[in-house]
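The values are calculated or read from the model by the stated rules, or taken from the named source; none is laboratory data. For clarity, every value in this text was computed on a predicted model and none was experimentally measured. Cβ coordinates were reconstructed from backbone atoms using ideal geometry, including for glycine residues, and neighbour counts include every protein chain displayed.
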Amino acid sequence: MAKRLELIPWILIAALAVGLAGTTFHKALTASFTHDESLTFNHFVNAPLADIFSYRIASSNNHLLNTLLMKASAAIFGISPFALRLPNLLAYLGFMVFSLLLLRKTAPWIMLPGFMLINCNPYLLDFFALARGNGLSYCFLMGSLWFFVRFDKRRKTGDYFLSILFASLGVLCHYTLLYYLLSLVIAGNLWPLLKRLITRDPGSFSPGMFVKMNLANLLFFVALGLVIAGPLRKLSAGDQFYYGGDAGFWKDTVGSLVETFFYGVRYGDALRISVQLMVPGVVISVIILLLRAVFRHDRRLVTESLVLPVVFLVLFLLVIINISHFYLFGSKLLIRRFALFYYPLFMLCLVYLADLVVRRTRFRPVPVFLMNGLAFLFFLHTFFAFSSTTYLDWEYDSSTARVLKMLEADVNQNKPQRNVTLGISWPFEPSVNFYRTAWGFRWLKEATRDGPSVRTDYYYVLHEDMLKVPLNGMNPVILYDDGKTLLLKLKPG
């Protein structure tokens, strides 16, 4: 009977995984291609490999490995939003697998809410249904963590090599993972010393292994430097690292992660503050546990919950490096999608902290109930907040594909002159030109960023740009209006 009960969490995890993957695949298949995705396609996917690697066009939209995978996917499956998003969709499958591998040492009824907490974030799911480097980088980060934890258990150089390899691939997907790579390397050198303090086991630190690890670090840093040093210089010179915060880590980084988690749903300030206060609560609890383990030489922290101190050390170093970089070199603090890789790291710490409480308390049903209750709330929020048509950071582009189909229908019906012109609000320029290429709209002239003030055959504008349309005695005929965007044409009054 007990064994059958232990199967229930696995069945629920499998059902949730299928549901999340199916929802994400459906969004990638049906949602309109966005501004940033289109920029990547228009400027980089069709460019020669030399131009992609050299960043001939210095733009932070060239997420190197993502661009290459988009190029490969388009060559195999043709040009479509789904084909270009396919690498990130596959990355989500990898993300879920590594999530489970990292959670499998927890108690069954903690593993289930752990999987839910890591995956039930509508903002996180957005990036696995987009042709951006973000989703790929999260998959490589989780894989890197898994191999790092396995390395600490088995002490095999190959595991550490794979951990650094995955972290380096994550950097090639999104340069913000440089913070993670640095944290991982420092943690790899500090953790054996900290582990020796906790366990008093001289075997925790091996000079030979220390040399092998840092030779691997040196190898990857040199290889990575040869690939990204030039692009980073060009991006810096082109002021491409402008996205971020200046108000402080708590407000910018933590605050923006909480804000994006709620995905535009207004639950009230009390709930938002409660969720935000979870962060210092978990951090303080883990620090107390670590200090207690060091001073009392409590080996149980290592034997019962190895993932917790290892992941927390990486997370703690990440925060220190990001804040130090901000104050010492004037860089931006990570916010929103640039800081999103903090989310699975924090949730792993929360889950393993709860698992430790379950193992050490007599009142196990209490923490199990609390964790499952919290996870269920996260699931409900994701279920109701997640949109299959809209991406939070590119909400304005949600109707572009539909609008262009309506434009095609009107053009075919009224048979206007060839080379139809479309005046647009500037954010629509990349996505309009993407669909012009992908759908073979030869009759549509290339859209420009001149704005809607130029006389054209049709206009696709944001509501606030409606007054910029030059009427000149003509009457606007609205073909589409979703409350935020308009498709219209002008007819004689």
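Annotations for the structure displayed:
- All of Gly248, Gly244 fail the test of being at positive phi, in contact with a strand residue (DSSP E or B) (Cβ under 9 Å, 6 or more places away or on another chain) and surrounded by fewer than 17 Cβ atoms within 10 Å (Cβ to Cβ), apart from Gly248.
- Subset of segment 59-74 (residues that are more than 19 Å from His35 (Cβ to Cβ) and either touching a strand residue (DSSP E or B) at 6+ places or on another chain (Cβ under 9 Å) or among the polar types (S, T, N, Q) (or both)): Ser73
- Segment 408-433 residues that are without any contact (Cβ under 8 Å) to a residue 60 or more places away in the chain and within 24 Å of Leu467 (Cα to Cα), paired with ones that are of a type in the set (Asp, Glu) and exposed (fewer than 15 other Cβ atoms within 10 Å of the Cβ) (beta carbon under 8 Å, 6 or more apart): Gly423/Asp450
- Sole residue being assigned by TED's automatic domain parsing to the domain that holds Gly248, surrounded by 21 or more Cβ atoms within 10 Å (Cβ to Cβ) and more than 25 Å from the chain's Cα centre (by Cα), chosen from Leu356, Leu348, Leu340, Leu404: Leu356
- From the options Phe384, Phe378, residue that is more than 18 Å from Ser80 (Cβ to Cβ) and touching a helix residue (DSSP H, G or I) at 6+ places or on another chain (Cβ under 7 Å): Phe378
- Phe363 meets the conditions (1) among the aromatic types (Phe, Trp, Tyr); (2) farther than 30 Å from Ser60 by Cα; (3) under 22 Å from the mean Cα position of the chain (by Cα) in every case but one. The failed one is (3).
- When residues of segment 450-468 are limited to those that are touching a Ser or Thr at 6+ places or on another chain (Cβ under 6 Å) and free of Cβ contacts under 8 Å to residues at least 60 places away in the same chain, the one nearest to Tyr480 (Cα to Cα): Val461
- Of the helices (runs of 4 or more DSSP H) lying entirely inside segment 234-346, those containing at least 2 residues that are of a type in the set (A, V, I, L, M) and closer than 22 Å to Leu182 by Cβ are 269-296, 307-329.
- Residue tally, condition over 38 Å from the mean Cα position of the chain (by Cα) and either in a loop (DSSP other than H, G, I, E, B) or crowded, with 19+ Cβ neighbours inside 10 Å (or both), over segment 457-476: 5
Yes/no per residue for (1) under 15 Å from the mean Cα position of the chain (by Cα); (2) assigned by TED's automatic domain parsing to the domain that holds Phe25; (3) of a type outside the set (Gly, Ala, Ser); (4) farther than 19 Å from Ala91 by Cα:
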| site | (1), (2), (3), (4) |
| --- | --- |
| Tyr160 | no, yes, yes, yes |
| Ile164 | no, yes, yes, no |
| Leu172 | yes, yes, yes, no |
| Val185 | no, yes, yes, yes |
| Leu197 | no, yes, yes, yes |
| Ala216 | no, yes, no, yes |
| Val222 | no, yes, yes, yes |
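- In this entry, Leu479 is excluded by the filter for residues that are farther than 15 Å from Asn42 by Cβ, within 30 Å of the chain's Cα centre (by Cα) and in contact (Cβ under 8 Å) with a residue 60 or more places away in the chain.
- Candidates in segment 413-445 are the residues that are modelled with pLDDT of 90 or more and loosely packed, with under 12 Cβ neighbours inside 10 Å; of these, the one that is nearest to Ser80 (Cα to Cα) is Gly440.
- Helices (runs of 4 or more DSSP H) fully within segment 349-449 that include at least 2 residues being out of contact with any Ser or Thr (no Cβ under 9 Å at 6 or more places or on another chain) and farther than 16 Å from Glu37 by Cα: 365-385, 400-414.
- Within the set Leu65, Leu12, Leu49, Leu39, the sole residue that is under 22 Å from Ala438 (Cα atoms), surrounded by fewer than 17 Cβ atoms within 10 Å (Cβ to Cβ) and of a type in the set (A, V, I, L, M) turns out to be Leu49.
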